[in-house]
Amino acid sequence: MRRILATILGACLLAGGGGLPDARASADVDMFTDIGLVRLNITNLGYIGHAFTYRTLPACEYPPRSHVEHIYRGGIWVGALNADGQYRVSTGSQDANGLAEGDQLREFESYPDAETRYRTLRLSSDPNSEYYDPAQNPVANQQFNTYFSDYRVGGSHRPLGLHVEMRTLAWDQNHLDDFVILDYAIVNVSGTELREVYLGFWIDTTVGNTEHTNPYDPNAVNRWNYYDDKNGAWGAQGQVPDDYTVDGDPGIWMAYEYDADGEQGLATSWIGYRLLGTEPAVAIPDGGRAVSYNQWGFRGVPSQDDWYYEGTDTTTRLPGKYQIMSNGDFDVGETQEQNFAREGNWVSLMSTGPFPVWAAGDTLHMTWAIVAGVDSLSLLANGLVAQVAYDSGFKVPTGPPSPLLEFGYADDSVILRWAPGDSLDAGGQELPPDSPERSPEHHISGVTGEPDFQGYRIYRYQGETIELQPGQSSPREAATLVAQFDIVDGIGFDTGLPPLNADGLREFTDTGLLEGFPYLYAVTSYTARSIQHGLEELESGFQKIDPVYPGPAPATGGNPGVGVYPNPYRAGSLYDDRIDVEVGRRIWFTNLPARCTIKIFTLAGDLVRTLEHDDPAAGQASWDLISGQGRAIASGLYVYAVEDLASGEVQRGKLVIVK
C-alpha cells in the first residue's frame, strides 16, 4: 500500500495539484456503486444506506460478496441563520430506527421535476461503459449525479432553501477502489442571504457480517449487535491533541468505526468517513478548530434545530442541531463527561464552518470520502489516497482501461476477443492523446504524456458471481490468473501480446473447461513502472462481467444433431447451483444452429416453454426448468422441437426430468 500511495502522491505532484419498488416515482433508492471494493447504497433523497431494509441491496458492503456491512444510514446536514433571524438545520438523515422512521425525519426530497431534467444521471470515464459520455466530463469509472432540495414538507421542518447536486464517484483500479467519494454542490435558492453557515455529514456506522448475525429479522436467533462497535476520529495537527493526529497526514479529519470482537474473524474491516475539503475553505479560528466532531449514543440527536427546552422543564436549555454543528467539540477518548472509546451503538457528526455569508444564488461545495480498509493502517492509507485524489481535482493516474470483451465458444473452450486500440484514425491521422480509440494499447498517460501500456492479464473464476473467501479483499485474489502478456520492449517478461485475428481483434482461447458450467472472465491492462516519474505499476479494474458457459460453437450445414445434457436430469446434480430451490437449475440444449426456436412439450402435446436462441458465437442454450407461466415443472418425460430459423429444418428429441 505504501508503494501505491507513493505512486499517487508523486503522480499528483506532476499533474499539478437495478430496481426496488417505491411509491415516489422520482425517488431513486436502489442505486449502489458496483465497481471497486465498496458497495455503497446512494439515493437522491439526501441520505445513503437503507437501514438494513433490503436483504438483496448492499448498504455499505466491503469487500463485495463478503456479507460484511458497515453503514446503517447517513446523510448531509446544513445549518444556517436565515433571513428571519432563526437558526435552521436541514438534514438528510438522523437518528431513526429503520427506513420508515428515517423517512419521517428526513428533510430533503428529490426535485419536483425529477422525472425529467433532474432524474439521476449515470456517467463513466471508461470508454467501454454504456454510460460513457465525454460531453458530460465524467471524472470516475462510475459516477452518479443526483439532485435533491430541502423543500420537503412535514413536521416542524422549515426549509433553508437549498438545491443540492451530489456526485458519487467510484473507481475500479486497484489503487483507487477502497473508497467512494460524495461531492456536494449546494446552492442557496432561498432568494435571501444566509449567514453563519455550517456544513456537515451525519452517519450511523455499524460493522458486522450478515451471514453471522441478522440485521433484517428482529426475531432472529443471532441478531445484529449494534452495541459492540468502537468509534473514534483523527484530526489536523495543531487543532487536536497529538494522540489523535497522524504522521504523514497532517490535515486529516476522519472518523472511524470497527467491530470490537471482529465477529470471530468474520467482520474485521474498518469503515471511516473523511472530510476532503470545502470550497471556499473555512478559516481556522484563533485557538479553535475549523471542524467539529460530535459522537453520541443512538437516539441522542437533538429534537430541535436551535436551543430548546425538553417537555415542561424550562430551567435547562438544551443545544439544538445547529449548536452541535458549531460547537467545536472533538469527542474522542475518555473524558470526564463521557467515555467515547467504549463499545456502543454510536452515531456521529462531522461538520465544518462557519461560512460567514452565503449570498442568494451562490454555491458552497463540500466533499467527503466513505473509506474502508482491512485494518486501521489500511484505512488511513486509503483515506490519504482519497485526499490526494481530491486535492488533484480527481486527475489521478489510472493507466489504460480494461478492454471490452467479446466471447466465442468451442468444445470445452471459451474464446476471448477484444479491440487493441490504435494511434491513428481512419484517415491515417494521429489521434488526440485523450481519444478513447487509443485504448488500451496506445493509451497516453495523463501524468507523463507518454504511452503507458505494458501488457494484459487474463483472470478466470468458476461461478456465476465472485465469492471472496476469508482473508481475501479483492476479486483478483479469488480469481485465477490464467495468462499474462507483456509487450517486447526489454521490460518485464517480453512474452509478446495475443495474436490478432482476421477482424483485427486480440484473441485468446482458454481450454480444458467444463461445458455447461459458469465462468467469469476479466482482462485487465497494466502499465510499467516509471522510475523517472516515480510511478509504480497501475492495473485496470475488472469490468462488470456476466457468466459465460463453455460449449460448442453454432452448428452449420447438414443435420447438426441437437443434444440435451444432463439427460436424464436429476435434481441436485452438479449442474445445479442450489439443490433445494428451483433457482439455479439448468438443462442445456447443445449443437444448436445460430438462430433457432426451442419448444418443450408434455407427452400430451401441451406447450411448456418456448426459448429463442440467437447467438452467432454459441451453439448451446439453457432452460431453467420453469414453464412459460413461471411455474416449476414436474418430473416426467418431455418432448422438445428445435427449428432452425435459417433453413426451416426441425429436430425433435426427448428428455427426462427426475426430482
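What follows draws every value from the coordinates through simple rules; no lab data is involved. Treat the numbers as computed from the prediction; the structure is a model and nothing was measured. Here the Cβ is made from the backbone with ideal geometry for all residues, glycine too, and neighbour counts use every protein chain on show.
Counting only lysines at least 8 places from residue 654 when in the same chain, those with an alpha carbon closer than 25 Å to its own are 599. The order of 370, 491, 324, going from fewest to most other C-beta atoms within 10 Å of their C-beta, is 491, 324, 370. As a ratio to 2.2 N^0.38 Å, the alpha-carbon radius of gyration computed for region 344-437 takes the value 1.88.
Quick check on the exposure proxy: order 61, 477 from fewest to most C-beta atoms within 10 angstrom.
Lowest to highest Cβ neighbour count: 477, 61.
Given the C-alpha centroids of region 500-564 and region 336-368, what is the distance between them in whole angstrom? Spelled out, the Cα-based centre of one part sits 47 Å from the other. Summarising the strand pairing of the chain, around 95 percent of its internal DSSP beta bridges are antiparallel. Translational diffusion of region 38-391, estimated by Stokes-Einstein from the Kirkwood radius over alpha carbon pairs at 25 °C in a medium of 0.890 mPa s, is 119 µm² per second.
From the Kirkwood radius over Cα pairs of region 563-658, Stokes-Einstein at 4 °C and 1.567 mPa s returns a whole-number translational diffusion coefficient of 95 µm²/s. Of the trypsin sites (Lys or Arg not before Pro) found in region 296-374, the ones in coil according to DSSP and having at most 15 other Cβ atoms within 10 Å of their Cβ are 299, 342.
Entry for region 50-95 at q = 0.13, 0.14, 0.32 Å⁻¹: log10 I(q)/I(0) = -0.46, -0.50, -1.11, Debye formula applied to identical alpha-carbon scatterers, no solvent contribution. Of the three principal axes defined by the Cα atoms of region 406-527, the extents in descending order read 46, 37, 26 Å. Among the aspartates and glutamates, which fall within straight-line cross-link reach of residue 230, defined as a Cα-Cα distance under 16 Å, with same-chain neighbours fewer than 8 residues apart omitted? Within the straight-line limit of under 16 Å, residue 230 reaches these aspartates and glutamates: 69, 204, 257, 259, 261, 263, 331, 334, 343, 375.
Taking the Cβ of residue 505 as the center, what net charge do the other residues with Cβ under 10 Å away carry, scoring Lys and Arg +1 and Asp and Glu -1? After counting each charged neighbour, the total is -1. Need one word for the chain: rounded, prolate or oblate. Basis is the Cα gyration tensor (sqrt eigenvalues a ≥ b ≥ c); a/c below 1.5 gives rounded, then a/b vs b/c decides. Verdict is prolate for the chain. At q = 0.18, 0.19, 0.21, 0.23 Å⁻¹, what is the log10 ratio I(q)/I(0) for region 97-211, with the Debye formula run over Cα points and no solvent? Per q value, in the given order, log10 I(q)/I(0) is -1.14, -1.19, -1.26, -1.32. In terms of other Cβ atoms within 10 Å, 540, 326, 413 run from fewest to most in the order 413, 326, 540.
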